[in-house]
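First up is the structure itself, then whatever we jot down about it.
The values are calculated or read from the model by the stated rules, or taken from the named source; none is laboratory data. Quantities reported herein were computed from a predicted structural model and do not represent experimental measurements. With ideal geometry, Cβ positions are generated from the backbone for all residues, glycine too; neighbour counts draw on all protein chains shown.
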Amino acid sequence: MDEISKVVRLRQPEEIDDPLTTILRAGARRLLEQAIAAEVDAFLASMRDLKLPDGRDRVVRHGHGPERAIQTGIGPVPVRRVKVRDRGAEETGARIRFTSALLPRWARRTKSLDALLPILYLRGVSTGDFQEVLGALLGREAPNLSPSVIGRLKEDWAVDYVRWQKCDLSARRYVYVWADGVYLQARMEPTADCMLVIIGATPEGRKELVGFQVGVRESAQSWRELLVDLQARGLTTAPELAVADGALGFWKALEEVFPTTRHQRCWQHKTVNVLNKVAKSVQPAMKQDLREIWMAPDRETAQTALTTFEKKYAAKHAKAVECLTKDREALLAFYAFPAEHWDHVRTTNPIESVFATVRHRTVRTKGALSQETAKLMVFKLITAAAKTWRRLQGENQLPKVIQGVTFRDGIEVTETASQSAA
């Protein structure tokens, strides 16, 4: 009698036994099928009045399309698209089609995954490694993430960028704007690209990407081109306040294009510039003294702290004092705006936090980004980050800023009865 051979298959290193994920995928498939079925039912109900000459419904179900896998955050989920048939198309010459909003005809990935890809790239993951990296999260069979697919995605990003550049801004207004230019050394390029970015705060308190352009350098001409482009797209109302670092090119261009906009110098940049002019042993104490200025509860206290700073450091650190005092008015402009907004308008952090990731990517790859790729990746990163930008506190104060209400030390100035009588 022959022995019965038993072959036990051992688990492979890359295989993970995760019943929870399996259950989630099965549940996701059922929910998606139910949602698409409800979508089709609603569509057919809207076409119920369309009849054939013999009284039958003109638009009816027509089975399902072939099964395909949609790549999601919990791995591939197999689905089948419901098909709809127009039985009167030949007679009328116009075919009625059904397009699912949940499952577009050519969809292969969820939109959340498409937004994740540029972030992974900027985090230092090469396009050739995407499938391996995401396979650990989405399953080893993770489809639709090959290098060629990523290359096509970058082409789509280029189209998105061109479309965004042409957006009409005539119906938009921005109370505050933040501007900054960040240099990135692209591969095989003799000079670093300067990416000019402008973020604006709407009257509702939301922050939006307003301007994005790559210039040869952070010059007045480059900034002027960007600001003039915004005007050409319909942004004719000047912002109330602009926040930026010490780049003279931006301030010169702003004076020409939006002369009524007030200037606020970024305290984060100014602190770094001042500290760079003194020895490291002096920096901790000086940094605390600078904090006493920009964190002062009112302008008078800030002026007093600034004067104290001058007296304390003028003898030994004249260059640091000069660096601070030459921009005195622009550094304290925020006191003429609502106190609820001070945390937002004293610094260009909304832009700096985004570019921290971009700098990380170029350092990791020693500048291995082409000029065009760098532009598209940064654009996609900013648009993805924009969804999580913190809204302005005290948005109820923004209409008052637009109306020209006077604020002193962050508090609205109201006329008393005696003042009105006088």
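Here are some notes:
- Qualifying residue in region 169-192 (condition: modelled with pLDDT of 90 or more, crowded, with 19+ Cβ neighbours inside 10 Å, over 20 Å from K380 (Cβ atoms) and β-branched (V, I, T)): yes
- The residue that is surrounded by the fewest Cβ atoms within 10 Å (Cβ to Cβ), among those in region 380-409 that are closer than 30 Å to D156 by Cβ and β-branched (V, I, T), is T388.
- Listed by first and then second residue, the pairs with beta-carbon distance under 9 Å, at least 6 apart or on different chains, first residue in region 316-342 and in the same structural domain as T271 (by TED's automatic domain parsing), second among the acidic types (D, E) and assigned to a loop (DSSP other than H, G, I, E, B), are Y335/D298; Y335/D409; A336/D409; F337/E240; A339/D409.
- Taking the criterion of being closer than 13 Å to R346 by Cα, free of Cβ contacts under 8 Å to residues at least 24 places away in the same chain and part of a loop (DSSP other than H, G, I, E, B), the residues of region 260-309 that qualify are M295, A296.
- Lone qualifier among R11, R30 - being of a type in the set (D, E, K, R) and modelled with pLDDT under 60: R11
Yes or no, residue by residue, for (1) under 14 Å from the mean Cα position of the chain (by Cα); (2) modelled with pLDDT under 80; (3) not in a helix (DSSP H, G or I):
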position	(1), (2), (3)
A356	yes, yes, no
R359	no, yes, no
T362	no, yes, no
V378	yes, yes, no
L381	yes, yes, no
K387	yes, yes, no
L392	no, no, yes
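- Residues that are surrounded by fewer than 18 Cβ atoms within 10 Å (Cβ to Cβ) and of a type in the set (V, I, T), drawn from region 262-277: V272
- Residue in region 339-353 that is over 25 Å from the mean Cα position of the chain (by Cα) and at pLDDT 75 or above present: yes
- Which listed residue is of a type outside the set (S, T, N, Q), assigned by TED's automatic domain parsing to the domain that holds P203 and touching a Lys or Arg at 6+ places or on another chain (Cβ under 9 Å), from K287, K270, K280, K252: K252
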